[in-house]
Amino acid sequence: MGYVEVRSEVINHTWVTKDLPPFKTEQLLDHPYNYMDRIEFHLLQTYDKRDNHGTVAWGTITKELLGEEGFGLAITPEGSTALNNIGERISAPDDDNRTAAKKIYSYIRDNFTCKPDDDIYLTDNLYKINKRKEGSVQDLNLLLVALLRQKRINASPVILSTTEYGTNPASYPVLSKMNYVVCMIKTGGDTTFLDASNPLFGFGKLPLNCYNGHARVISDHDSGSIFFDKDAIREQRSTSVFIVNPEKGKGQISGSLETTPGYFGSLDIRNAIKKAGVNAFLKNITQSYSPDITIDNIGIDSVKKLEDPVKIHFDFSFKQEANQDIIYFTPIIQPSLSENPFKAAKRKYPVEMPYPVDELYVLSMEIPEGFMVDELPKSAKVAYNGNEGFFEYMIQSNGSNIQLRSHVKLNKATFAAEDYDSLRDFFSYVVKKQSEQIVFKKKK
């Protein structure tokens, strides 16, 4: 029997924080944990006096991931032979790359069930995942990459951390923070990112929690860092209102409204409809208006056209007293903001909106028959922090009609805590201006 004597030197380090105030979260923070005082350690490398183990370079980590059975090897042509060229069978031989990509994407999105998970490695082999028609986010999106490659489409996995996991550093790899996989394709000079894990996602769309900064393309030919910046999201909500004089009833105000939210607003609506049904959703809209407004012929379009925004439309009429001499009318029937979202007098942390604000409201109105304009709100246009945004309220009357255009736009979604006061004042002005009324006076 032999003996081995082992001696080691251990150095214990202790870090202590003292007298820290309690953390109080605030609204519009992606992940409050990002702002809590803490020290984080990530093991990057060890040394046994002969060799280094581990890496601080993305290039080495990329090579390791490409060689993993549960990641890169599974999506190679050799590693996905058990899928029996499903990608070839889903699309026609003469489909161009983008058409083929859409068909393969739809095949997974519409036929698979996604199980919650927070990892980047496959939970099973791709053959079983495809056979069960079930898997985690990484299972479905790595299957997507494999099927796209069967059609010789340039497809690569992208790993990232969602907002719930905090941000990850771009300068060195911390795989423990990477919890999500999406797919990147390059077709005809365009780069498109796909996530087939949600049956309500449109082609080329990612969930909001993926817009969390640094992400990494894992590829043997175009690997590199990319950044999903929510300031770059373009999301406009537009509303058009037309008011005409009814054939019967002098002084009555009635018309039609059509509103089109952006993609993410439409996604919220689709989720609500999936949960409660379209009738319950439309009923909630009807009940959200004042009892003084009657809503009729309400409907919604494009619910199943997932790449397009939905469109909500209805007719309305205001209940008014007969033989009145003065009508007070708020032209912004559906305001972008009913109250200032920033109520606190002070704020310690940045403001992180889901995406930049872009709200457009257009009104075309016939002046009620037998009435004239007595008071009209003044037009106004104010800029926010130079070129970071603006609010315009442009209104005019020609004696028989009134035209109004209200537009609230901010060019970014994240604002430093030092900008809070100016942001609060900006929205306070918007809310006040959009609540102003037109006064109609009966002609004599």
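Where residues in the stretch 76-104 are hydrophobic (A, V, I, L, M, F, W, C) and more than 21 Å from Phe203 (Cα to Cα), which of them is surrounded by the fewest Cβ atoms within 10 Å (Cβ to Cβ)? So that I can check it myself, show each step before the final result.
Within the stretch 76-104, the first condition is being hydrophobic (A, V, I, L, M, F, W, C), and the residues that meet it are 82-83, 86, 90, 92, 100-101, 104.
In the following step, the residues that additionally are more than 21 Å from Phe203 (Cα to Cα) were identified as 82-83.
Details: Ala82: 13, Leu83: 20.
Here the answer is Ala82.
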- Query: Of the residues that make up the stretch 418-436, is at least one over 28 Å from Phe318 (Cβ atoms) and in a strand (DSSP E or B)?
  - Reply: no
Asn12 fails exactly one of (1) in contact (Cβ under 8 Å) with a residue 24 or more places away in the chain; (2) not assigned by TED's automatic domain parsing to the domain that holds Ser223, namely (1)
Picked from the stretch 1-58 (must be assigned to a loop (DSSP other than H, G, I, E, B) and among the aromatic types (Phe, Trp, Tyr)), the residue nearest to Met353 (Cα to Cα) is Phe23
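Which of the helices (runs of 4 or more DSSP H) found entirely inside the stretch 73-172 contain at least 2 residues meeting this: touching a residue at least 60 places away in the same chain (Cβ under 8 Å) and touching a helix residue (DSSP H, G or I) at 6+ places or on another chain (Cβ under 9 Å)? Even if it seems obvious, please write down each step before you answer.
Working: elements: 86-90, 97-111, 126-132, 137-150.
So the answer is 86-90, 97-111, 137-150.
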| message | Could you go through the stretch 429-441 and let me know if any residue there is in contact (Cβ under 8 Å) with a residue 60 or more places away in the chain, farther than 15 Å from Pro341 by Cα and loosely packed, with under 14 Cβ neighbours inside 10 Å. | response | yes
**OP:** State yes or no: is Phe316 assigned by TED's automatic domain parsing to the domain that holds Lys412, farther than 23 Å from Ser106 by Cα, touching a Gly at 6+ places or on another chain (Cβ under 9 Å) and aromatic (Phe, Trp, Tyr)?
**Re:** yes
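Mind checking which residues of the stretch 252-266 are in a strand (DSSP E or B) and hydrophobic (A, V, I, L, M, F, W, C)? Working first, answer last.
Going residue by residue through the stretch 252-266, those that are in a strand (DSSP E or B) are 254-260.
If the condition is that a residue be in a strand (DSSP E or B) and hydrophobic (A, V, I, L, M, F, W, C), then Leu257 is the only one that fits.
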The residue from Val137, Val174 that alone is touching a Ser or Thr at 6+ places or on another chain (Cβ under 6 Å), assigned by TED's automatic domain parsing to the domain that holds Ala57 and more than 19 Å from Asp229 (Cα to Cα) is Val137
Expected output for the stretch 29-49 (first residue more than 24 Å from Val351 (Cα to Cα), partner of a type in the set (Phe, Trp, Tyr), Cβ below 8 Å, 6+ apart or cross-chain) is Leu44/Tyr172
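Residues that are out of contact with any helix residue (DSSP H, G or I) (no Cβ under 8 Å at 6 or more places or on another chain) and under 30 Å from Ile233 (Cα atoms): find the strands (runs of 3 or more DSSP E) completely inside the stretch 356-406 holding 2 or more of those.
Numbers: elements: 358-366, 371-375, 380-384, 389-397.
In the stretch 356-406, the matching strands (runs of 3 or more DSSP E) lie at 358-366, 380-384, 389-397.
The values are calculated or read from the model by the stated rules, or taken from the named source; none is laboratory data. Note that this is a predicted model, so its numbers are computed, not measured. Cβ coordinates were reconstructed from backbone atoms using ideal geometry, including for glycine residues, and neighbour counts include every protein chain displayed.
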